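Right, one structure below, let's go through it.
Computed from the coordinates by the stated procedures, all read-outs in this text should not be read as laboratory data. None of the values given here were measured: they were computed from a predicted structure.
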Amino acid sequence: KPDPAAWYARPNLGATLATAVRRAGHQAERTESLLHVLTRLSDDQLHRRLPAPVTRLLQDGITPDWAVLLNDLVQRPYHRDKVGLRWRDAFYLATPEPRRT
């Protein structure tokens, strides 16, 4: 029987964007803004806007977990807030906070 905790431990879009900040030099604030926009768009708008950031990820050598992304996109019309919260949580948990001096 599949373990749901193991599934949700796989990187979703938020974790993938955090990886882009850490490894590919994507600007943290700009990536955070993008994530917030993506989580608030209608499904039609998300499907139009998502290819550009995914293309940039791929160009920078970062491949999303396609199965997780597809599952999230399928679940999103029914559980939009839940999917968006998972993406944002994963992003913030995987993005180091700037050091304050």
(Q) On a full-extension model of 0.36 nm per residue, what is the gain between Y92 and L73, subtracting their alpha-carbon distance, rounded to one decimal in nm? (A) 4.8 nm
Q) Here are some values of percent of Cα pairs over 18 Å apart: [x] 49; [y] 44; [z] 39. Which one was computed from this structure? A) [y]
Q. Could you give me the ³J(HN,Hα) list for the stretch 31-36, computed from phi with Karplus coefficients 6.51, -1.76, 1.60 and θ = phi - 60°, whole Hz, x at Gly and Pro?
A. 5, 4, 4, 4, 4, 5
Q. Normalised by the residues of the chain, what does the relative contact order come to in percent, with Cα pairs under 8 Å and at least six apart?
A. 48 percent
(Q) Using only the alpha-carbon atoms, how far is helix 13-24 inclined from the longest principal axis of the chain? Give it as 0 to 90 degrees, nearest 10. (A) 30 degrees
